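Only one structure is covered here, and it is reproduced in the block below.
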Amino acid sequence: MNKMDILAVYEDCKNCAACPLSDTRTNTVFGVGALDADIMFVGEGPGENEDLTGEPFVGRAGKLLDHFLGAVGMDRRKNVYICNIVKCRPPQNRDPKPEEEDACMPFLRKQIKIIEPKIIVCLGRIAACRLIDPDYKVTRQHGQFISKGSFLMTATFHPAAILRNPNNRGDCMRDFFAIEAKAKEIGCKL
Ligand code: SF4
């Protein structure tokens, strides 16, 4: 797949009705960022602001994510790509159901295939359990890098979780510094 294929995948996603989340969404929230990014961030699913705007990680949690990114020279408009496991908002911001994640994973797989990241960063438990290990414990394992095929994977706290529990803010910032260091070590574009 080449970079331009992303438009076709986006169109498919916009019209997708493969799971019941299509019934309650305002917009699908496909992803945002540079198509040549070497670093991809993956969260669990859109919230209210994301559903209304069609962009992932806007609102307070999104601003916090932008703060962490900015501290290590990363920018959603320039050098990273950001998306979620499910592209439609689960009602009342509940966790996505496993069958909804299953239905939506083909979109993420295509995004990964097109963008070809060198590092994938899971934001929070849901993404880490889906993409790294079903038993992943963010509080214990955050910041560790795991090799998966052609890329490295790691996880850190979801910014919404930091808003709920600011005690983890320092650990999260350290994870971002570690991501920056690893990105430089393996020659990612920053
Ligand atoms: Fe389709 Fe994913 Fe939205 Fe479900 S969450 S309707 S699979 S785009």
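The values are calculated or read from the model by the stated rules, or taken from the named source; none is laboratory data. In this text the structure is predicted, and so the values were computed from the model without any measurement. Note: ideal-geometry Cβ built from the backbone for every residue, glycine included; neighbour counts use all protein chains shown. Areas reflect the complete protein model, heavy atoms only, side chains present, ligands, DNA and RNA absent. Shrake-Rupley method; radii C 1.70, N 1.55, O 1.52, S 1.80 Å.
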Taking the conditions exactly as written (in contact with a Ser or Thr (Cβ under 6 Å, 6 or more places away or on another chain), at negative phi, open to solvent by less than 20 Å² (accessible area, probe 1.4 Å) and not in a strand (DSSP E or B)), does CYS104 satisfy them or not?
no
The one condition MET153 fails out of (1) open to solvent by 50 Å² or more (accessible area, probe 1.4 Å); (2) not in a loop (DSSP other than H, G, I, E, B) is (1)
Identify, from the list LYS97, LYS137, LYS113, the residue that is surrounded by fewer than 20 Cβ atoms within 10 Å (Cβ to Cβ) and in contact (Cβ under 8 Å) with a residue 40 or more places away in the chain.
LYS113
If I ask for residues that are buried (at least 22 other Cβ atoms within 10 Å of the Cβ) and more than 8 Å from the chain's Cα centre (by Cα), which ones from the stretch 34-49 would you list?
ALA37, ILE39, GLY45, PRO46, GLY47
Just give me the residues in the stretch 145-190 being within 23 Å of LEU35 (Cβ to Cβ) and basic (Lys, Arg), in sequence order.
LYS148, LYS182, LYS184, LYS189
Could you tell me which numbered condition ALA61 fails, if it satisfies all but one of (1) out of contact with any His (no Cβ under 9 Å at 6 or more places or on another chain); (2) within 18 Å of HIS158 (Cα to Cα); (3) not in a loop (DSSP other than H, G, I, E, B)?
(1)
Give the residues of the stretch 18-43 that are within 11 Å of the ligand (Cβ to nearest atom) and touching a residue at least 24 places away in the same chain (Cβ under 8 Å), sorted by residue number.
ALA18, CYS19, PRO20, LEU21, SER22, THR24, ARG25, ASN27, THR28, VAL29, PHE30
Condition check: over 15 Å from the mean Cα position of the chain (by Cα), within 24 Å of GLY31 (Cα to Cα) and not charged (D, E, K, R). Does MET105 satisfy that?
no
Check whether at least one residue in the stretch 84-100 is away from the ligand (no atom under 16 Å from the Cβ) and among the hydrophobic types (A, V, I, L, M, F, W, C), and report yes or no.
no
Checking PHE145 against (1) open to solvent by 40 Å² or more (accessible area, probe 1.4 Å); (2) without any contact (Cβ under 8 Å) to a residue 12 or more places away in the chain, the condition it does not meet
(2)
Of all residues making up the stretch 15-51, the number that are in a helix (DSSP H, G or I) and in contact with a Lys or Arg (Cβ under 9 Å, 6 or more places away or on another chain):
6
Taking the stated definitions as given, is PHE57 surrounded by 22 or more Cβ atoms within 10 Å (Cβ to Cβ) and under 20 Å from ARG169 (Cα atoms)?
yes
Pull up the stretch 4-17, narrow it to residues that are open to solvent by less than 70 Å² (accessible area, probe 1.4 Å) and in contact (Cβ under 8 Å) with a residue 60 or more places away in the chain, then point me to the one that is nearest to the ligand (Cβ to nearest atom).
CYS16
Lone qualifier among ASP12, ASP51 - being out of contact with any helix residue (DSSP H, G or I) (no Cβ under 7 Å at 6 or more places or on another chain) and over 19 Å from MET105 (Cβ atoms)
ASP51
